[in-house]
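Q: Structure incoming, see below.
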Amino acid sequence: MDLYHIVLFLHIVTLLVAAGATAVVKLAVGRRARARTVGEALDWHNVLMTASKLFPMCLVAFVLTGSYMLSVTHLAWSTGFVVAGLFGVLLLLVGGVFLGTKGKALKQVLDGMAKNGENQPAPKLVPPPFIAAMPFINTGIALGVAFDMVTKPVSVPIALSVVVAGIVLGVAIGVRRPAPSVESAPAS
């Protein structure tokens, strides 16, 4: 056992923590959307906000553990998979700040509604398509970076194209277009 492998283990544990937080956040989003009362929507939103606080800590842990492993292996910061990893961390951080800002605004709205009674019917929470797609895009980014970390491409364009492919996959899955409403015409 050596320090490098302990740090690698911590790097992998960070991935598991981030995956677990992602699962909790996606569950909370779905439950919040189906909430029957303002109080229930607020409860699920608070679960979402609490779990999402793990993401910035995970990003810091990824960079710190990755930096240590780079220093031991003497790989350059300009190596493709390293550049892609840092790019992915930056994208996830920016996306997280954006979603966090939107989440705080929604919390204020729900808190305001709760002051009038938590048992009143919950509002229909339908986010704009881009915001609804963001968790899937973030998952695509994370999968692209994970693929790069496992395969370790040295080419920057190849490593970045894997992350971009993850983004495209996230957009394809996350941007859902509602099926057109089909109303039955009265039989004549």
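Q: Residues of the stretch 40-57 being touching a residue at least 40 places away in the same chain (Cβ under 8 Å) and crowded, with 17+ Cβ neighbours inside 10 Å, which ones?
A: Matches in the stretch 40-57: Ala41, Leu42, His45, Leu48, Ser52, Phe55.
Q: In the stretch 141-156, how many are acidic (Asp, Glu) and either touching a strand residue (DSSP E or B) at 6+ places or on another chain (Cβ under 8 Å) or over 24 Å from Phe55 (Cα atoms) (or both)?
A: Matching residues across the stretch 141-156 total 0.
Q: Just one of the numbered conditions (1) buried (at least 16 other Cβ atoms within 10 Å of the Cβ); (2) under 14 Å from the mean Cα position of the chain (by Cα) is not true of Gly20; which one?
A: In the conditions (1) buried (at least 16 other Cβ atoms within 10 Å of the Cβ); (2) under 14 Å from the mean Cα position of the chain (by Cα), Gly20 misses (1) alone.
Q: A further question follows. Yes or no: the stretch 69-91 includes at least one residue that is at pLDDT below 95, of a type in the set (Phe, Trp, Tyr) and surrounded by 12 or more Cβ atoms within 10 Å (Cβ to Cβ).
A: Among the residues of the stretch 69-91, not one is at pLDDT below 95, of a type in the set (Phe, Trp, Tyr) and surrounded by 12 or more Cβ atoms within 10 Å (Cβ to Cβ), which makes the answer no.
The values are calculated or read from the model by the stated rules, or taken from the named source; none is laboratory data. Every value quoted in this text rests on a predicted model; they were computed, and no experiment measured them. Neighbour counts run over all protein chains shown; Cβ positions are idealised from the backbone, glycine included.
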